[in-house]
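Notes for the one structure printed next.
The values are calculated or read from the model by the stated rules, or taken from the named source; none is laboratory data. Keep in mind the model is a prediction, meaning the values are calculated, not measured. Here the Cβ positions follow ideal geometry from the backbone for every residue, glycine too, while neighbour counts run over all protein chains shown.
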Amino acid sequence: MLGILHAENTKRIAIVTLVKSIKPSTQRRLLVGFFTLLLLIVFWQTRLWSTEAAYDELSQNNMNELFRFSSSLRAVLQKYESVPHHLSINPELSQFLGDKSNPVKIDSINRYLETINRINRSSDIYILDAIGNTVAASNWESPTSFIGKNFSFRPYFTQAMQGQNARYYALGTTSNQRGYYFSSPISDDDDILGVVVLKISLADIEERWASPWESNNIELIVTDPDNVIFISTRAEWRLKSLFKIPPMQMAPLKASKRYGVHIPQSLDATKNGKAPSIVGNQASLLTINIDNNKPAQFLSQNIDMPMIGWRVHALSKTDTIQETVNRALLVVISIYLVLVLIILFVIERIRNEHKLQQAKDFLEVRVKERTADLEQSNYRLRDEIDERHKAEEALKQTQEELIQAAKMAVLGQISAGINHELNQPLTAIRSYAQNAQQFLQRGNVETASSNLAEIIGLTDHMTSIVGQLKVFSRKRGDTLTPVDVLASLNDAIKIMSPQIKQQHVDIVIQSPDSTLTVMGDLVRLEQVFINLLSNAIQAMSHSEIKRVSINLEAINEHIIIQIEDTGPGIAQDNIKHIFEPFFTTKDISQGLGLGLSISHRIIEAMHGTLKVSNGASGGAVFSITLPHYTPLQDNNERLTTPQEQPFE
């Protein structure tokens, strides 16, 4: 046993050594030759198999149609076979043939036959007397009525007169239509008085089979013993013979007038030998000229109907055979090529496994080295992120302080005007109080009460002024709320009213009747308006006409606020720097250049924009665009507050 195992191992080692000794180019050529030879074998076997399979499928379809049609045809004929016999035993018919001269009786029999014919849906029913003359018929009122016609030459008459039920198929001499005839003798005891005949149209049978035939490529024909086509799915084949009829067979056909004056022509079908053995010995290949004498090859199969002497043929075009074979070859060759590619891929993969393993080992070493570097980088990045967070917090705090400082600066600028506004009410209060004291001493209570009412009104006015300053100077909250833009603007104008009166500035406001609401911070929005109004008042200090035009409008889903002054405007070189921190065109005593920068950041925090340009009259135009807020919006939605935006 050990010797056998040693011998097997030796063989394997020798084979592996031999394969390794073959050059790669030689190995590729051997593989190509092997796969090419295998492809030829697969191609040949597939062609044989697919051809047999296609013929077998075609044969199965033929036989299915043959059995279906023959069964249906047999059922139709059996349906009418017994009708003539049932009519022949009707005593009224035998009585009618015994006395054919009674007009009333003739009319009654004609109408009776017409009714029976309509009920059975047959073509015609008629009665022949003993010499073959038609004495009554269902078509008695038709222009092509059989009444008076003699059909003694028909075999169905002669057989019936011999006491037999007969069948016969022929082309009608009167209607010139193909029909199948059933006849039965009408007798009175032992005497045969006449014959009753029922005819069915074969064209009706073809119409019933039109749809099944059109749904496939199978042609169905029915031939008689003389090979004359009596029923066909192709109209041009009807009453023609598959092959040439010898002269000896033609004479009896003419004598029986089976096809009337029509002489059957030949289709000149040519046999091309037997079909493949898989379809059976009864099948043959026929070539027939169709469609403007173009030859077409058919697979022909047939079955006999002995009771009526017919043979039913099914013919299928064989041009679909090649299409089926080509499809099978395409599929098999495609699968073969895919398998070959898979095999070549596997071979190539096996060859590269060693190289891939080496590359993998090398990459593992590089990955470990790179991982160590990345860990160090991650540590440094975390430290930088922490420092950035701290810087952002410090920046936010600085921003808040700058905004509050800017508000205090604005309050400082308007303090002189507020002082004037407060001094006047205080002086008036003092005068009213002294007068009220004197009026009380004189007992004039009514006048003293009036003075006290004036004092209360002046006190409320002072409280309103101080209240606006308190609201403006406070720090804002952390969330945005719905703000009435016009109300916020009016509050800002109230705060600025001392400066407005002192500088004799006209404020013109254009606003729609509806309320314009945005999501924002009331105090911050007032701060923006105060900054812009203060800048406009300072810019118009040397202007003859001092007017600030404020226009509010809602466009689509935004609210636009435009503030235009009649000052000298802004130089083009300064417009692009106007919102930068610490950029100012004023004296150092009038500000540090933070007002517009802070206003710009406040509007951005409320998801809006602040832009500046020069108007047509030359003055500066500041445009604020904010999203329009409607009550249908989600009340729980939280917008980004100014505190959450870093001051860049």
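For segment 343-352, the criterion of being surrounded by fewer than 10 Cβ atoms within 10 Å (Cβ to Cβ), modelled with pLDDT of 80 or more and under 49 Å from the mean Cα position of the chain (by Cα) is met by at least one residue.
Please find, within segment 497-523, the residue that is surrounded by the most Cβ atoms within 10 Å (Cβ to Cβ) out of those that are touching a strand residue (DSSP E or B) at 6+ places or on another chain (Cβ under 9 Å) and within 18 Å of Ser599 (Cα to Cα). Taking the candidates together, the pick is Gly520.
Counting just the residues of segment 598-648 that are in a loop (DSSP other than H, G, I, E, B) and among the acidic types (Asp, Glu), which one comes out modelled with the highest pLDDT? Looking at the filtered set, the residue picked out is Asp634. For Ile507, the stated conditions do not hold, so it cannot be described as at pLDDT 85 or above, part of a loop (DSSP other than H, G, I, E, B) and closer than 22 Å to Asn614 by Cα.
Screening segment 114-148 for residues that are at pLDDT 90 or above and over 18 Å from Phe96 (Cβ atoms) and picking the one that is surrounded by the fewest Cβ atoms within 10 Å (Cβ to Cβ) gives Ile119. Gly132 passes every criterion in (1) in contact with a helix residue (DSSP H, G or I) (Cβ under 6 Å, 6 or more places away or on another chain); (2) free of Cβ contacts under 8 Å to residues at least 24 places away in the same chain; (3) on the phi > 0 side of the Ramachandran plot; (4) not β-branched (Val, Ile, Thr) apart from (2).
A quick yes/no check of all residues on (1) of a type outside the set (A, V, I, L, M); (2) assigned by TED's automatic domain parsing to the domain that holds Val621; (3) more than 21 Å from Thr517 (Cα to Cα); (4) touching a Cys at 6+ places or on another chain (Cβ under 9 Å):
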| position | (1), (2), (3), (4) |
| --- | --- |
| Ala554 | no, yes, no, no |
| Glu557 | yes, yes, no, no |
| Ile561 | no, yes, no, no |
| Ile578 | no, yes, yes, no |
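Being part of a strand (DSSP E or B) and not polar (S, T, N, Q) is a description that does not apply to Ile147. Filter segment 149-186 for residues that are touching a helix residue (DSSP H, G or I) at 6+ places or on another chain (Cβ under 7 Å) and small (Gly, Ala, Ser) and give the result. Selection gives Ala166, Gly179, Ser183, Ser184.
For the condition touching a Leu at 6+ places or on another chain (Cβ under 8 Å) and modelled with pLDDT under 70, Ala275 qualifies.
Of the residues making up segment 190-240, just one is within 30 Å of Ser138 (Cβ to Cβ), modelled with pLDDT under 75 and part of a loop (DSSP other than H, G, I, E, B), namely Trp209. For Glu580, the conditions (1) under 19 Å from Gly608 (Cα atoms); (2) at pLDDT 80 or above; (3) surrounded by fewer than 21 Cβ atoms within 10 Å (Cβ to Cβ); (4) not basic (Lys, Arg) all hold with the exception of (2).
Here Gln164 passes the criteria (1) out of contact with any Phe, Trp or Tyr (no Cβ under 9 Å at 6 or more places or on another chain); (2) over 22 Å from Arg74 (Cα atoms); (3) assigned to a loop (DSSP other than H, G, I, E, B) except the one numbered (2). Look at segment 83-107: where a residue is closer than 17 Å to Ile131 by Cβ and without any contact (Cβ under 8 Å) to a residue 40 or more places away in the chain and a partner is part of a helix (DSSP H, G or I) and of a type in the set (Val, Ile, Thr), sitting 6+ places away or on another chain with Cβ atoms under 8 Å, you get Lys100/Ile106. On the basis of being assigned by TED's automatic domain parsing to the domain that holds Ile109, aromatic (Phe, Trp, Tyr), more than 60 Å from the chain's Cα centre (by Cα) and buried (at least 17 other Cβ atoms within 10 Å of the Cβ), does Tyr156 make the cut? Answer is yes for this residue. In segment 605-626, the residues that are on the phi > 0 side of the Ramachandran plot and among the polar types (S, T, N, Q) never reach a residue that is surrounded by fewer than 19 Cβ atoms within 10 Å (Cβ to Cβ) and not in a loop (DSSP other than H, G, I, E, B) with C-beta atoms less than 9 angstrom apart, at least six apart or across chains. Taking the conditions (1) acidic (Asp, Glu); (2) surrounded by 11 or more Cβ atoms within 10 Å (Cβ to Cβ); (3) in a helix (DSSP H, G or I) in turn, Asp304 satisfies each one other than (3). Of all residues in segment 68-88, none are touching a helix residue (DSSP H, G or I) at 6+ places or on another chain (Cβ under 7 Å) and closer than 30 Å to Ala328 by Cα. Looking across segment 519-541, the residues that are among the charged types (D, E, K, R) and either assigned to a helix (DSSP H, G or I) or without any contact (Cβ under 8 Å) to a residue 24 or more places away in the chain (or both) come down to Arg524, Glu526. Of everything listed in (1) within 30 Å of Thr233 (Cα to Cα); (2) over 60 Å from the mean Cα position of the chain (by Cα); (3) touching a residue at least 24 places away in the same chain (Cβ under 8 Å), the single unmet condition for Pro143 is (3). Of everything listed in (1) out of contact with any Asp or Glu (no Cβ under 8 Å at 6 or more places or on another chain); (2) modelled with pLDDT of 60 or more, the single unmet condition for Leu480 is (1).
Residues checked against (1) in the same structural domain as Ile200 (by TED's automatic domain parsing); (2) part of a helix (DSSP H, G or I); (3) over 28 Å from Lys317 (Cβ atoms); (4) at pLDDT below 80:
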{"residue": "Ile15", "(1), (2), (3), (4)": "no, yes, yes, yes"}
{"residue": "Leu31", "(1), (2), (3), (4)": "no, yes, yes, yes"}
{"residue": "Leu37", "(1), (2), (3), (4)": "no, yes, yes, no"}
{"residue": "Thr46", "(1), (2), (3), (4)": "no, yes, no, yes"}
{"residue": "Ala53", "(1), (2), (3), (4)": "no, yes, no, yes"}
{"residue": "Glu57", "(1), (2), (3), (4)": "no, yes, no, yes"}
{"residue": "Ser72", "(1), (2), (3), (4)": "no, yes, no, no"}
{"residue": "Leu77", "(1), (2), (3), (4)": "no, yes, yes, no"}
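Could you please find all residues in segment 241-263 being of a type in the set (A, V, I, L, M, F, W, C) and modelled with pLDDT of 75 or more? Result: Leu242, Phe243, Ile245, Met248.
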